[in-house]
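Read the structure below first, then the notes.
The values are calculated or read from the model by the stated rules, or taken from the named source; none is laboratory data. Remember, predicted model here, so these are calculated numbers, not experimental data. So basically every Cβ, Gly included, is an ideal-geometry build from the backbone, and we count neighbours across all protein chains shown. Each accessible area value is taken on the protein alone, full model and side chains, heavy atoms only, with ligands, DNA and RNA left out. Shrake-Rupley method; radii C 1.70, N 1.55, O 1.52, S 1.80 Å.
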Amino acid sequence: MFCNQCEQTAHGSGCVLSPGICGKDEDVQSVQEMLLYGLKGMAAYAHHARRLGKSDETVSAFIEEALFATMTNVNFDVESLLEMCLECGRQNMRVMELLDQGHIDHFGEPSPATIREGTVDGQGILMTGHDLMDLWNLLKQCEGTDLKVYTHGEMLPAHMYPKLREHPNLEGHYGGAWQMQKREFAAFPGPTVATTNCVLIPPDEYADRLFTTRCTAVPKGQQILDDDFSAVIAKAQQCPPVQASEIKQSTTGFHHDVVLCLADTIVQAIKDGKISHFFVIGGCDGAEPGRNYFSEYAEATPADSFILTLGCGKYRIWNHDYGQLHGLPRLLDMGQCNNAYSAIKVAIALSEVFDCSVNDLPLTLVVSWFEQKAVAVLLTLLALGVKGVTIGPNPPGFVTPNVFKVLQDKFDLRLTGKDPQRDLELALA
Ligand code: SF4
Ligand code: SF4
């Protein structure tokens, strides 16, 4: 364990032996960290929701109480801290609901959209991250110019909202997951605006073209604190034009409202044995080779199953033709990582139709995790009683073997194995 949060910390540098000086052991420390990381993830979503005019005092009160529970000499009880982790999951469900409603209120009802991936000739601006309000503000301020705005990374699902999609300055999408930034931002000749995580510290090659918003900031980048993108627009007008590159077409926008409009057809197809399974494969992406697990898993799914995806983990399984099923693409992109809410809504709706629990549905969740929003989403799934979720490619370092055993016993939480094909067969069995 490692804890250095109070004055009595061992040798003035950190309690690394369990228990620490106060008596807190590594399992208490582990659950407190799980709570802290879940709170961080939820706070990011709550911040986005607040910018859209959505907040809930109950959520704010819970954040205060849960942070309090991680202070020195407040809580040494694993069980009550685990319950707080589950409450964090419940509160995160509420926050994702607020964020979803905020997006719909501001940008319209989502619908499937064909996206042009690539670039066209002309000066352009790239925007990455998750904050759709930033994208809207940038588009408004670009009106009357020839500047072409491209989404990058987690901004791709912006195209499912009509108000954003129909804006004349929104050109299309360029680039993949966050770990590709250094190559993709360097190759894009115009400025890039990073609105949230995951932004990487820029090399000198493009640091003077990298802008960030609010709490997002990097050395040598320019931080915008007031929604005024005039410096970005001026920079774009000084930069050389973007050259046209090959354009491919992709589809996004399978929000839960879209999928649930098709509920009758889907339910009948399940009853007739024409849809065998639903997989949720998504979450975060990262650079480790172990993440190929998710692409191999997705490619091995049967032709009569659907894959629901979300987050930048989609890019791991994006460039493969899965074909169609019942007139829909087999790979249905539900949106950003916060649109895990959509996958949960679909699962709950199906369980209600079939009068069974989510765990009795032909549904398997394979979650690629990286940072703390993924922790918040995992806690939401556990709080809803969803069992058998597989996470990977690596186990969370903050979860001790004892705590992992509790999660396995209570929730059948699983880790990705070495053989995705074998794990898939087990899921289907
Ligand atoms: S809270 Fe406990 S474990 Fe942490 S530094 Fe203080 S004495 Fe050590
Ligand atoms: S899905 Fe996760 S890893 Fe990907 S950009 Fe969003 S927060 Fe970062």
> Which sequence of K40, K373 reflects their accessible areas, 1.4 Å probe, from the largest down?
Replying inline: K40, K373
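Please report, to one decimal in angstroms, the Kirkwood hydrodynamic radius of region 228-335 built from all distinct Cα-Cα pairs.
16.3 Å
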>> Leaving out ligands, DNA and RNA, and with a 1.4 Å probe, what % of the accessible surface on the chain is carbon or sulfur?
In response: 52 percent
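Which of the pairs K235/K373; K40/K410; K314/K418; K345/K418 have their Cα atoms more than 28 Å apart in this structure? Working shown, then result.
Details: K235/K373 32 Å; K40/K410 24 Å; K314/K418 20 Å; K345/K418 31 Å.
Listed pairs above 28 Å: K235/K373; K345/K418.
Quick one: putting +1 on the C-beta of Lys and Arg, -1 on the C-beta of Asp and Glu, what dipole do you get for the chain around its Cα centre, in Debye to the nearest 20? Write down the numbers at each step before the final one.
Numbers: 33 positive and 53 negative charges, 116 e Å.
Using Cβ point charges on Lys, Arg, Asp and Glu, the chain gives about 560 debye.
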> Okay, helix-only estimate at 222 nm for the chain: each DSSP H run of n ≥ 4 adds -39500 (n - 2.57), divide by all residues, round to 500 deg cm²/dmol; what do you get?
Replying inline: -12500 deg cm²/dmol
> Under a 1.4 Å probe, what is the accessible area of region 180-273 per residue, stated in Å²?
Replying inline: 49 Å²
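Could you sort H11, H106, H277 by accessible area so the largest value comes first, with the probe set to 1.4 Å? Let's see the in-between values first.
Values: H11 185, H106 60, H277 15 Å².
From most exposed to least exposed: H11, H106, H277.
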> What accessible surface, in Å², does a 1.4 Å probe find on T251, ignoring ligands, DNA and RNA and rounding to the nearest 10?
Replying inline: 50 Å²
> Of V386, G313, L328, which is farthest on the positive side of the dipole of region 312-396, counting Cα position, with +1 on Lys and Arg Cβ, -1 on Asp and Glu Cβ, and the Cα centre as origin?
Replying inline: G313
>> I'd like the accessible area for V406, computed on protein heavy atoms only with a 1.4 Å probe and all protein chains in place. Round to 10 Å², please.
In response: 50 Å²
> Using θ = phi - 60° and the Karplus form 6.51 cos²θ - 1.76 cosθ + 1.60, what ³J(HN,Hα) does each residue of region 72-87 get, whole Hz, x for Gly and Pro?
Replying inline: 5, 6, 10, 9, 10, 10, 4, 5, 6, 5, 5, 4, 5, 4, 5, 5
> What value does the chain have for Rg/Rh, both radii from Cα atoms and Rh as Kirkwood defines it?
Replying inline: 0.98
> Solvent-accessible area per residue for region 1-89 at a 1.4 Å probe radius, Å²?
Replying inline: 50 Å²
> R51 accessible area, nearest 10 Å², 1.4 Å probe?
Replying inline: 60 Å²
>> Which one, C215, F229, A244, projects farthest toward the positive side of the charge dipole computed for region 206-247 from Cβ point charges (K/R +1, D/E -1)?
In response: C215
>> I'd like the Kirkwood hydrodynamic radius of region 85-190, using the inverse of the mean 1/r over distinct C-alpha pairs, in Å.
In response: 14.8 Å
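Pairwise over distinct Cα atoms, reciprocal of the mean inverse distance: report the Kirkwood radius of region 282-429 in Å, one decimal place. Please list the in-between numbers first.
Working: mean 1/r = 0.0635 Å⁻¹.
Here the Kirkwood hydrodynamic radius works out to 15.7 Å.
Sorted by accessible area (1.4 Å probe), largest first, how do E425, E26, E205 line up?
Values: E425 100, E26 75, E205 125 Å².
The most accessible residue leads, giving E205, E425, E26.
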